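A short worksheet on the structure shown next.
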Amino acid sequence: MADVTADGPSDRIAIDGATPTPTSAIKGRGAISNAESRFLPTRSIAVDDGWYLREDSATSAPATQFYPDRTRTLITRNKSPDLSFEQSINPYKGCEHGCVYCYARPTHAYLDLSPGLDFETRIFFKTDTAEHLRKELGAAKYRCSVLAIGTNTDPYQPGERRLNVMREILGVLHEHKHPLSIVTKSALILRDLELLRAMAADNLVHVYVSITTLDKQLKRQLEPRTADPGARLRAVRELHAAGVPTGVMMAPIIPFINDAEIEDVVARSVEHGARVVRYVLLRLPLEVRGLFEEWLQTHYPLRAQRVMAAVRATRGGRDYDAQWFKRMVGQGPVAQLIQQRMSGALRRAGIVDAQMPVLRTDLFVPPREETPQLSLF
């Protein structure tokens, strides 16, 4: 893995040497292509003229590169009424997990990069996180509410092993008794088990482990650099054993790809200690639609039309419907059937009405700015 250092505070970095568009799946990568950002004023198109194309150029795996993101504001506010949190932190832009369906992919276009392969190979990490977070938490106007981490890109993606951005954030939140909710596909979260255990003792944290499939082959195709399904179930078990309230997200459910696993995912999750199981229906905003259709044609060509027809049936005949309160679960007979199957699986598992605990905000201790002046008391 190569490191590239930016010269200034801006996170809009133009990168030369675009990755060639492949003609087939790349081992360890989810996207099949690397279309340029829709915001670029000019576009280049790769054409094979028979002269310089190397035999391996279409299928060679691009290396992951990391870039410092010198953003000083870490906390973002949520204005979507169908989400359960008011504020969040995203330690990374882009995600090496490579989930082809990831709804965060279009955000890479704002960096003049591709939502395709660039999203999973050009990763931006927040810098000086402890310093910036303490400053935000200590602001006079700050009001404590649960911080959601992992709602955009995964905070425990592979680069976190050495970059420790999430570890720094977690340390600050633990120090100041600030509540948080975490979503991840990675067993790397167990590295921070002791911190999570301590926070859970004060009812300051809960975790959702995302389990899309129990099929290892499908996992490698759909989300290539995520943890093995068995490793995720073990993470659920160990978090539960440590007293950390833990749920499972089956996200996304894709008709005719992983929907047959709904009952098994629920049952296995509850066996390993999950308090709740939630789901999200496949979402295909902006460039995600094209990337997902390429993935279907590559891995499931005989099923592609059937899958897309079912997806459109859940979105009023369109590829995607972004309406509040409908975008997560869809509508129509196919979406209703999925919802009924999930409800039945939850009922059989005995958790149909289960909820995660309400996290405490009253224990929050704001950071105090150090000054040379002595306190009177």
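Considering only Leu196, Leu40, Leu188, the mean-square fluctuation computed in a Gaussian network model of the chain, springs between alpha carbons under 10 angstrom, is largest for Leu40. Ranked by the mean number of other Cβ atoms within 10 Å of their residues, highest first, the peptides 174-183, 150-159 fall in the order 150-159, 174-183. Divide the volume of the convex hull around the Cα atoms of the range 291-364 by the residue count and you get 182 Å³ per residue. Around the amide H of Arg278, modelled in the peptide plane, lie the amide H atoms of Val248, Met249, Met250, all under 5 Å away and 5 or more residues distant in sequence or on another chain. The HN-Hα couplings worked out from phi for the range 180-190 by the Karplus form 6.51 cos²θ - 1.76 cosθ + 1.60 (θ = phi - 60°) are 8, 10, 10, 10, 8, 9, 10, 6, 4, 4, 5 Hz, whole numbers, x standing for Gly and Pro. Peptides 237-248, 81-92 ranked from most to least packed give 237-248, 81-92, packing being the mean of other C-beta atoms within 10 angstrom over each peptide's residues.
Each residue of the chain gets 159 Å³ once the volume of the Cα convex hull is shared out per residue. Phi angles of the range 25-35 translate, via the Karplus equation with coefficients 6.51, -1.76, 1.60 and θ = phi - 60°, into HN-Hα couplings of 4, 10, 4, x, 10, x, 6, 9, 9, 9, 4 Hz per residue; Gly and Pro are given as x.
Add -39500 (n - 2.57) for each DSSP H run of 4 or more in the chain, then divide by its residues: what number comes out at 222 nm, to the nearest 500 deg cm²/dmol? Kindly include the intermediate steps, with their values, before the conclusion.
On the way: 11 runs with 108 residues, N = 377.
It comes out at -8500 deg cm²/dmol, rounded to the nearest 500.
The average projected area of the range 64-134, computed from the convex hull of its Cα atoms over all directions, is 5.5 nm².
Remark: the chain carries 49 Å² of accessible area per residue (probe radius 1.4 Å; ligands, DNA and RNA excluded). For the range 255-377, a simple Cβ point-charge model (Lys and Arg +1, Asp and Glu -1, everything else neutral) yields a dipole of about 460 debye relative to the Cα centre.
When +1 charges are put on Lys and Arg Cβ atoms and -1 charges on Asp and Glu Cβ atoms, the dipole computed for the chain relative to its Cα centre reaches about 980 debye.
What is the distance in Å between the Cα centroid of the range 81-108 and that of the range 159-226? If you average the Cα positions of each part, the centres end up 14 Å apart. Across Arg105, Arg232, Arg191, mean-square fluctuation computed from a Gaussian network of the chain (C-alpha pairs under 10 Å connected) peaks at Arg191.
The values are calculated or read from the model by the stated rules, or taken from the named source; none is laboratory data. Remember, predicted model here, so these are calculated numbers, not experimental data. Heads up, the Cβs are rebuilt from the backbone with ideal geometry, glycines too, and the neighbour counts pull from every protein chain shown. Keep in mind that these areas ignore ligands, DNA and RNA; they rest on the heavy atoms of the full protein, side chains included. Shrake-Rupley method; radii C 1.70, N 1.55, O 1.52, S 1.80 Å.
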